Amino acid sequence: MQEKALSPAEGEQFLAGSAPLEGWIAKNLRGDHKDGLGSWSEAQLVQFLKTGRSDRSAVFGGMSDVVEHSMQHLSDADLTAIARYLKTLPPSNPEDRPHVYDKQVADALWKGDDSKPGAAVYIDNCAACHRTDGQGYTRAFPALAGNPVVQTADATSLIHVVLAGGTVPATHTAPSNFTMPAFGWRLSDQEVAEVVNFVRSSWGNQGSAVTAGDVKSLR
């Protein structure tokens with residue numbers, strides 16, 4: 001399943017995320033703040049595995065099936081054991097630092113300045129749920145500021161969810177569904193690239209740029 005390493009003995013790539021698989025990237029589970037679980041608490045991890053959502057994020061892609069058909073049925077003790085194990089994993093990058101929020105873009109959008117490439121597309125299609133400050137709405141629409149999925153080196157998952165959308169599954173303890181619609185039908189490859197780059201470079205995020213060609217290859 002695209003594993004880069006199969007045990008801690010094989011080095012820092014163990015549980016550090018996958019290559020693209022069915023249009024998604026399995027995220028880094030190590031202690032990196034930028035693209036891993038370094039900024040997640042044990043309680044947030046348990047909540048995420050049990051309900052598919054947390055104060056920080058929400059499931060999409062293949063992880064939705066994992067939560068719906070497996071994780072929500074585990075005991076709290078087992079979920080806590082998984083979370084405690086994951087929190088023992090060191091970061092892949094020892095120089096990694098916690099996300100620092102930058103309000104420059106939020107202030108600009110609040111003042112009506114959408115001159116940054118991708119800003120107008122974001123306002124028209126994304127801001128109603130994820131907000132102009134990138135903070136989203138807790139356990140409903142995930143924050144984009146500091147979101148590790150947004151900042152991964154490979155932006156496949158982010159591009160894919162913009163193109164195809166996704167639904168947070170209903171679970172026993174969180175019975176509501178929240179759906180992000182697909183935007184591939186209305187946005188060009190260039191527009192998708194611009195809004196992805198806007199999200200990856202705003203509010204203190206530090207993701208590298210993608211191109212329209214990257215988007216085209218994933219359609």
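Among residues other than Pro90 with Cβ under 11 Å from its Cβ, the summed charge is -1 (Lys and Arg +1, Asp and Glu -1). The slack between Lys4 and Lys111, meaning 0.36 nm per residue of separation minus the straight C-alpha distance, is 34.0 nm.
On alpha-carbon atoms, Rg over Rh for the chain using Kirkwood Rh?
Taking Rg over the Kirkwood Rh, I get 0.95.
Which entries in the list Lys50/Lys87; Lys4/Lys116; Lys87/Lys116 go over 28 Å, if you measure between the two C-alpha atoms of each? In this structure, Lys4/Lys116; Lys87/Lys116 lie more than 28 Å apart at Cα. Magnitude of the charge dipole for segment 66-219, about its Cα centre and with charges confined to Cβ atoms of Lys, Arg (+1) and Asp, Glu (-1), is about 140 debye.
Please compute the contact order of the chain in relative form: average sequence separation of alpha-carbon pairs under 8 Å and at least six residues apart, divided by the residue count, as a percent.
Computed value for the chain: 22 percent relative contact order.
Straight-line cross-link partners of Lys111 among the lysines, defined as a Cα under 18 Å from its Cα and at least 8 positions apart when in the same chain: Lys103. You can think of it this way: the chain between Arg97 and His73 has 5.2 nm of extra reach, that is 0.36 nm per residue less the Cα-Cα gap. The trypsin sites (Lys or Arg not before Pro) of segment 93-187 that DSSP puts in a loop, and whose beta carbon has at most 11 other beta carbons within 10 Å, are Lys111, Arg186.
Projecting the Cα atoms of Ala182, Tyr85, Ile123 onto the charge dipole of segment 85-209, computed from C-beta unit charges around the Cα centre, puts Tyr85 farthest toward the positive end.
Since every read-out is calculated from the coordinates, none of them should be taken as a lab result. All figures in this text were calculated on a predicted structure; none of them were measured in a lab. Cβ atoms come from the backbone with ideal geometry, glycine included; neighbour counts cover every protein chain shown.
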